[in-house]
Amino acid sequence: MFVLSTVKDTIPVLPANFGVDTEEALINEINKKYANRVLHDVGLCICLFDLTEAGEGKVRYGDGCHWYKVKFRMVVFRPFASEVILAKVKSSDEDGIRLSVGFFDDIYVPLGYLPQPSAFDPNERSHFWLPDSEATSAHELLESPTAERMYVDQGDIVRVRVEADEFYDDEPGPPKATEGVAVKREARRSPYTITCSVAEQGLGPVSWWKSAQPEAEVMDDT
């Protein structure tokens with residue numbers, strides 16, 4: 001789930017921090033710049049792990065800062081494909097389920113990665129699984145007794161398998177116009193999303209599997 005990534009950068013130390021220890025000042029500036037930031041094809045930066053190299057500070061004309069060429073390692077959140085993680089259900093809709101791990105909310109379970117047969121209950125605003133059912137359509141599933149449904153409710157802790165992740169570089173720019181008519185700008189996308197699955201044994205709400213304890217083998221002492 002977490003990895004270490006090496007980053008090189010040139011970091012400024014403001015004149016107000018010249019009295020602070022150089023390493024401490026650089027660590028503060030690095031965390032300020034990178035913490036909670038998505039690096040394309042790297043992941044979500046959490047915090048600085050260690051500062052491995054720092055050159056001599058140089059003053060640039062115009063700002064009075066000391067600029068340091070540094071090399072450091074960041075703790076990065078990026079689960080690998082097929083990794084199994086725990087997350088909490090944030091919301092559900094007709095397209096699937098959105099999950100959160102507290103500090104990151106762009107984790108999704110699309111319809112194709114739900115256990116089958118399953119359907120979305122618009123009254124409960126939750127998806128449910130109907131094991132051992134021969135129903136094939138959402139209409140048939142929604143006619144099933146509520147007591148037989150296994151719901152994935154908001155707030156449930158679920159065990160999911162990571163299928164893929166995607167980075168999106170959504171750089172802001174001026175609104176486009178066609179023949180003098182402004183074109184509506186598309187909604188901003190998350191710079192980093194993770195797609196997960198619950199379509200296997202042992203995946204889904206942990207409460208589904210708490211009662212599934214392996215039978216203990218009885219050993220005869222002879």
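The values are calculated or read from the model by the stated rules, or taken from the named source; none is laboratory data. Since the model is a prediction, treat every value here as computed from it, not as a measurement. Because the Cβ atoms are built from the backbone with ideal geometry, glycine has one as well, and the counts that use them run over all protein chains shown. The accessibility values were calculated without ligands, DNA or RNA, using every heavy atom of the protein model including side chains. Shrake-Rupley method; radii C 1.70, N 1.55, O 1.52, S 1.80 Å.
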- Over the heavy atoms of TYR113, what accessible area does a 1.4 Å probe trace out, to the nearest 10 Å²? 80 Å²
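At a threshold of 8 angstrom on Cα-Cα distance, excluding pairs fewer than six apart, so keeping six or more, what relative contact order does the chain reach in percent?
Numbers: 404 pairs, mean separation 40.2, N = 222.
Reported relative contact order: 18 percent.
To the nearest 20 Debye, how big is the dipole of the chain about its Cα centre, given +1 on the beta carbon of each Lys and Arg and -1 on that of each Asp and Glu?
Details: 23 positive and 38 negative charges, 289 e Å.
About 1380 debye.
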- To the nearest 10 degrees, the tilt of helix 22-34 (Cα long axis) against the first principal axis of the alpha carbons of the chain is 50 degrees
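First measure r as the distance between the Cβ atoms of SER190 and LYS210, then evaluate 1/(1 + (r/R0)^6) with R0 = 41 Å and state the FRET efficiency to the nearest 0.05.
Values: r = 32 Å, r/R0 = 0.79.
In this case the efficiency is close to 0.80.
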- Where labels lie 7 Å past Cα in the beta-carbon direction, separation of ILE157 and THR52 in nm: 3.5 nm
- Message: Taking a virtual spin label 7 Å from the Cα of LEU111 along the C-beta vector, which residues in segment 69-95 bring their backbone nitrogen under 11 Å of it?
- Response: 94-95
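In what order, largest first, do THR10, THR146, THR136 sit by accessible area if the probe radius is 1.4 Å?
Details: THR10 40, THR146 90, THR136 125 Å².
In descending accessible area the options line up as THR136, THR146, THR10.
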- To the nearest 10 Å², what's ASP50's accessible area with a 1.4 Å probe? 40 Å²
- Largest first, how would ARG159, ARG125, ARG188 line up by accessible area (1.4 Å probe)? ARG188, ARG125, ARG159
- Net charge near VAL152, counting Lys/Arg +1 and Asp/Glu -1 over other residues with Cβ under 13 Å of its Cβ? +1
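Would you please give the FRET efficiency between GLU134 and HIS40, computed as 1/(1 + (r/R0)^6) with r the Cβ-Cβ distance and R0 = 41 Å, to the nearest 0.05?
Working: r = 46 Å, r/R0 = 1.13.
The computed FRET efficiency comes out at 0.35.
Which of rounded, prolate or oblate describes the chain when judged by the alpha-carbon gyration tensor and an a/c cut-off of 1.5?
On the way: a/c = 3.76, a/b = 1.67, b/c = 2.25.
It comes out oblate by the Cα gyration axes.
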